[in-house]
1. Checking the condition over 45 Å from the mean Cα position of the chain (by Cα) and buried (at least 24 other Cβ atoms within 10 Å of the Cβ), which residue from ILE503, ILE551, ILE539, ILE524 passes?
2. Quick one: is ALA559 part of a helix (DSSP H, G or I), surrounded by fewer than 18 Cβ atoms within 10 Å (Cβ to Cβ), modelled with pLDDT under 85 and not aromatic (Phe, Trp, Tyr)?
3. Kindly evaluate VAL547 against the criterion of being at pLDDT 90 or above, touching a strand residue (DSSP E or B) at 6+ places or on another chain (Cβ under 7 Å) and not in a helix (DSSP H, G or I).
4. Those residues that are of a type in the set (A, V, I, L, M) and within 27 Å of ALA249 (Cα to Cα), I need them from segment 201-236; list them, please.
5. How many residues does segment 351-389 hold that are buried (at least 19 other Cβ atoms within 10 Å of the Cβ) and among the β-branched types (Val, Ile, Thr)?
6. Can you name every one of the helices (runs of 4 or more DSSP H) wholly within segment 237-348 that holds 1 or more residues which are in contact with an Asp or Glu (Cβ under 7 Å, 6 or more places away or on another chain) and either in contact (Cβ under 8 Å) with a residue 60 or more places away in the chain or among the aromatic types (Phe, Trp, Tyr) (or both)?
7. Could you pull out the residue among TYR331, TYR269 that is under 30 Å from VAL207 (Cα atoms) and within 16 Å of the ligand (Cβ to nearest atom)?
8. Looking for something at pLDDT 65 or above, within 43 Å of the chain's Cα centre (by Cα), within 16 Å of the ligand (Cβ to nearest atom) and assigned to a strand (DSSP E or B) - is there at least one such residue anywhere in segment 205-216?
Amino acid sequence: MRPDGGISPGLVAQQRVRQLEQKLRAKEERIVVLETENALLHLKLAEFRGLIGRDTNEVAQLNFVHDKQQNLCRSTSSVIIQVYGAIQRLKRDLKNLHSFALELSRDFQHQCKSSLYQVLTVVQSIQLQNEAMQTFQTKAFDLEQSLQEVNERYQQEKQKRKILHNSLVELRGNIRVHCRIRPLLPFDTASGHSVSQDRHRKLPEKVAHTTDDETVLVKCNRPGHTLINKTFQFDRVYSAAESQDTVFADVAPLLTSLLDGYNVCIMAYGQTGSGKTYTMLGPQSEDDVTLSIEDEPELGIIPRATEEVFRLISEKPPGSHWVEVSVVEVYNNEIFDLLAKDSCGRVFGVKRDVVTTKEGKSDVPLLTYETVENAVEFLQLVDKGLQLRVKHPTLVHAHSSRSHLVVTLTITTKAVSADSFAPLWTDEQSSPRLSKELFCTFPQQMKDDKLVFPSRASSPAQFESTEKLKHIKTKLQLVDLAGSECVGMSGVTGVALRETSFINRSLSALSDVLGAIAEQRSHIPYRNSKLTHLLQDSIGGNAKLLVMLCISPCQKYLAESLQSLGFGTRARQVQRGQVKKRNLPMSSKSK
Ligand SMILES: Nc1ncnc2c1ncn2[C@@H]1O[C@H](COP(=O)(O)OP(=O)(O)OP(=O)(O)O)[C@@H](O)[C@H]1O
């Protein structure tokens, strides 16, 4: 140190060196530290470089991934853009849809409202209808009740009508005689010219007239001859103008009786050409005898009666009745079966015989019976039979029938045993009577199938005879008699004369039978001719007979007309009175 108290420069330099040395040492230490740190940093750098090397790969990979992601992002963006566009469109659609749905919903609401309104209206109208229906138901119930009452009354009235009908028919007698005067016809003039066309020729004189519908007046005043002025009364008289319809209208009630259990016979009697065949069958041309339902206005009693029978049957319980037909002709007192067939099925007339069964009824063994179900089938059968009927020209007309034609409809009625018989007949006034009568009067017959079912192998009646069911048979015999002419008038000789003689004999036998019935003789000579024998069940006794007298109005046939009117008058003498139903044993009468 210096006396002035100041610090020498050496010292200051020393201090300075010491300080610098200290600083150096501190710097060196610092350098060591820094070198250490540097070394460490180098290490770290190396480490980091290593890491960087690794990371560079990773970065490359990441870059790759990044690129990919960017690509992905780009494609995603485009997808997103597309999706966005789609979403926008969807939004628009949704918006449209929404507005459409709104519109729809408004419509729906509107429709709902109107439907509801309609439903309400319908419900209201248904309610009204228901009320009306209830009123109707009440009315219908009332009506049903009154209908039932009316029906009951109708059934009662129907039964009363039946009683009245049968009483009326019974009061009219079991033999009725009607007379039909035919119009003048071309063959009435000698030349055969038409009556209306041949104005210059003198018209044939008419001698037979109707004065009312029950009286025939025959008036003839020829110079040199006795005056004839006679009236004849019959149950009904038809003028020339009266139609087939009118004639049948009076016949039809008998058919009701047929189904009530009576045998019925309708026969046309008269001289040749007087209109018997016309009345019974209808008009027939020379070469064609075919009957047809189409010729309706001209049809005669036989086709009409058959139609009526089928109509009446149709009102009965189904299957309770069936109809069989036989067609025979009685020629020269022989019976010919006009429905018999040869082995080839051709129809030809076969001779048959008529016998009396032990019950006193007439039967024709082996006679052909055909079951028919309607009038058309029936007409076809009758047509076949008519083809075989014997006809010859006479002086009166060209196709005169030389045989008696007998068409028989046998109606079989199914009836169950006595205790259950009534139900089948519930609609018939006569049913209780008939059933009672059948089972009281004919117990033997009901037991004896031979009576109820005569010898017919093919008959359904016979088939069912062993069953509990029993059958009642009634017969409708429709007869077109051969002409009752005088021999001189018909102008026949030889074989034809023989025919005429047989015809007249059988008609005379018929007249005798009616006479015997009229006189209530104990013996009725049915067996004097095949004709009367055949018709035995339908004439007299309990049967109803209608004789249709056919006469010509011409003076030329005066004698024949008077003869026919006489026959009719005789037939009419038959005592009127209660008619018993069919099937009474007739043994005492028919011998
Ligand atoms: N009421 C009538 N109306 C129109 N024509 C009739 C009438 N009656 C008969 N005739 C006609 O007279 C002719 C002779 O009649 P029909 O053949 O019926 O006589 P018939 O009595 O049966 O004769 P026959 O006994 O000879 O067979 C026939 O041409 C027929 O058409």
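1. Details: ILE503 fails: over 45 Å from the mean Cα position of the chain (by Cα); ILE551 fails: over 45 Å from the mean Cα position of the chain (by Cα); ILE539 fails: over 45 Å from the mean Cα position of the chain (by Cα).
Every option except ILE524 fails the conditions.
2. Values: part of a helix (DSSP H, G or I): yes; surrounded by fewer than 18 Cβ atoms within 10 Å (Cβ to Cβ): yes; modelled with pLDDT under 85: no; not aromatic (Phe, Trp, Tyr): yes.
When the stated conditions are applied, ALA559 does not pass them.
3. On the way: at pLDDT 90 or above: yes; touching a strand residue (DSSP E or B) at 6+ places or on another chain (Cβ under 7 Å): yes; not in a helix (DSSP H, G or I): yes.
When the stated conditions are applied, VAL547 passes them.
4. Filtering segment 201-236 down to residues of a type in the set (A, V, I, L, M) leaves 203, 207-208, 216-218, 227-228.
VAL207, ALA208, VAL216, LEU217, VAL218 - these are the residues of segment 201-236 that are of a type in the set (A, V, I, L, M) and within 27 Å of ALA249 (Cα to Cα).
5. Number of matching residues: 5.
6. Numbers: elements: 244-259, 276-280, 301-314.
In segment 237-348, 244-259, 276-280 are the helices (runs of 4 or more DSSP H) which contain 1 or more residues that are in contact with an Asp or Glu (Cβ under 7 Å, 6 or more places away or on another chain) and either in contact (Cβ under 8 Å) with a residue 60 or more places away in the chain or among the aromatic types (Phe, Trp, Tyr) (or both).
7. Details: TYR331 fails: under 30 Å from VAL207 (Cα atoms).
Unique residue meeting the criteria: TYR269.
8. The answer is no, given that none of the residues of segment 205-216 is at pLDDT 65 or above, within 43 Å of the chain's Cα centre (by Cα), within 16 Å of the ligand (Cβ to nearest atom) and assigned to a strand (DSSP E or B).
The values are calculated or read from the model by the stated rules, or taken from the named source; none is laboratory data. Note that the coordinates shown come from a computational prediction; the quantities given were computed from them, not determined experimentally. Neighbour counts run over all protein chains shown; Cβ positions are idealised from the backbone, glycine included.
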